[in-house]
Amino acid sequence: MQGTVAEGAPMRLDNVHVAAAHRRQGLGRLLLETCTQWCRLHGWASLELSVFTDNAPALALYARFGGHITDTRTITLPDGSHADVGTVAWSTT
């Protein structure tokens, strides 16, 4: 997991990934619980990340933390196809 810090902005997670062989074991939940707790302890009021809007398992995980899509945009992938990406945010307080 990687994150960036910009003063006054929400904590931004840049990459959250659990290898396919280890999914559905609670690791994503544990990663996000730990990150949310760290943000809370260090004064960050919210956390955000981007997700493909068709990634139902990830959206369900983020919803467990109160996450919801705050905006969407269409991006061009390296192969020239397009995909919709949403910003998901939740409170850490």
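The values are calculated or read from the model by the stated rules, or taken from the named source; none is laboratory data. Everything quoted here is computed from the prediction, not taken from an experiment. Here Cβ is always computed from backbone atoms with ideal geometry, including for glycine, and neighbour counts include all displayed protein chains. What goes into the accessible areas is simple: the full protein's heavy atoms, side chains included, and nothing from ligands, DNA or RNA. Shrake-Rupley method; radii C 1.70, N 1.55, O 1.52, S 1.80 Å.
Are any residues in the range 72-93 modelled with pLDDT under 95 and open to solvent by 60 Å² or more (accessible area, probe 1.4 Å), and if so, which ones?
Ser91, Thr93
Where residues in the range 36-49 are small (Gly, Ala, Ser) and within 20 Å of Ile69 (Cβ to Cβ), which of them is surrounded by the fewest Cβ atoms within 10 Å (Cβ to Cβ)?
If we take residues in the range 36-49 being small (Gly, Ala, Ser) and within 20 Å of Ile69 (Cβ to Cβ), then Ala45 is surrounded by the fewest Cβ atoms within 10 Å (Cβ to Cβ).
Every residue in the range 7-56 that is in contact (Cβ under 8 Å) with a residue 12 or more places away in the chain, out of contact with any Phe, Trp or Tyr (no Cβ under 9 Å at 6 or more places or on another chain) and either at positive phi or part of a strand (DSSP E or B) (or both), please.
Arg12, Leu13, Asp14, Asn15, Ser50, Phe52
Filter the range 14-35 down to the residues that are open to solvent by less than 90 Å² (accessible area, probe 1.4 Å), more than 16 Å from Ala60 (Cβ to Cβ) and modelled with pLDDT of 90 or more and list them by number.
Answer for the range 14-35, where residues must be open to solvent by less than 90 Å² (accessible area, probe 1.4 Å), more than 16 Å from Ala60 (Cβ to Cβ) and modelled with pLDDT of 90 or more: Ala19, Ala20, Ala21, Thr34, Cys35.
Does Leu59 meet the test of being more than 13 Å from Pro10 (Cα to Cα) and either among the basic types (Lys, Arg) or crowded, with 17+ Cβ neighbours inside 10 Å (or both)?
yes
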